[in-house]
Amino acid sequence: LYLVPDIRTMLLIAFGTTHSIASLFALIMLSSVILGILCIELYSGRLQDESSRLNFDSFGNAMISLFVVLTGENWNEVFYTAWRSEASWTAPVVIIGWFIFSNYVTLNIFIAVVLG
């Protein structure tokens, strides 16, 4: 690292943003747990799709479903399951709200690293 000072500078900046990244990560994890518990209470047993585990019947399935929406990978399956379910109109709104919030926080994590 002493031979290449630019890499050392970039690593020092990246390690300097650890506090910002940790606080945003804690925010997203706390939000996931709270929303997971809320979705279990509201939609447990009401989002039925036999071919998928992306539902809110248990805490593990709720965390997996929220993580799928957070990453944006196949999040529309969770959305359409909520749309076709017996749950009220709030289920798709909650899924879209979580998608927007989690992507906003993820974008802020990247900005915190870049701006350092």
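The values are calculated or read from the model by the stated rules, or taken from the named source; none is laboratory data. None of the values given here were measured: they were computed from a predicted structure. Because the Cβ atoms are built from the backbone with ideal geometry, glycine has one as well, and the counts that use them run over all protein chains shown. Surface areas here come from the heavy atoms of the whole protein model, side chains and all, with no ligands, DNA or RNA. Shrake-Rupley method; radii C 1.70, N 1.55, O 1.52, S 1.80 Å.
Within the group ASP6, ASP57, which residue is at pLDDT 80 or above and surrounded by 13 or more Cβ atoms within 10 Å (Cβ to Cβ)? Criteria check complete, one pass: ASP57. Do we have ALA14 as aliphatic (A, V, I, L, M), open to solvent by less than 60 Å² (accessible area, probe 1.4 Å) and touching a residue at least 60 places away in the same chain (Cβ under 8 Å) here? Judged against the criteria, ALA14 is a match.
From the list GLU41, GLU77, pick out the single residue that is open to solvent by 90 Å² or more (accessible area, probe 1.4 Å), of a type in the set (Asp, Glu) and farther than 23 Å from ASN108 by Cα. Among GLU41, GLU77, only GLU41 is open to solvent by 90 Å² or more (accessible area, probe 1.4 Å), of a type in the set (Asp, Glu) and farther than 23 Å from ASN108 by Cα.
Applying the set (1) of a type in the set (Phe, Trp, Tyr); (2) open to solvent by 40 Å² or more (accessible area, probe 1.4 Å); (3) part of a loop (DSSP other than H, G, I, E, B) to PHE99 leaves exactly one unmet item: (3).
Table: residues versus (1) in contact with a helix residue (DSSP H, G or I) (Cβ under 6 Å, 6 or more places away or on another chain); (2) under 27 Å from ALA26 (Cβ atoms); (3) modelled with pLDDT under 85.
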residue	(1), (2), (3)
VAL68	yes, yes, no
TYR80	no, no, yes
ILE96	no, yes, no
ASN103	no, yes, no
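Among residues that are open to solvent by 60 Å² or more (accessible area, probe 1.4 Å) and part of a helix (DSSP H, G or I), VAL93 is included. Scanning region 19-32 for residues that are open to solvent by less than 70 Å² (accessible area, probe 1.4 Å) and without any contact (Cβ under 8 Å) to a residue 12 or more places away in the chain yields a count of 3.
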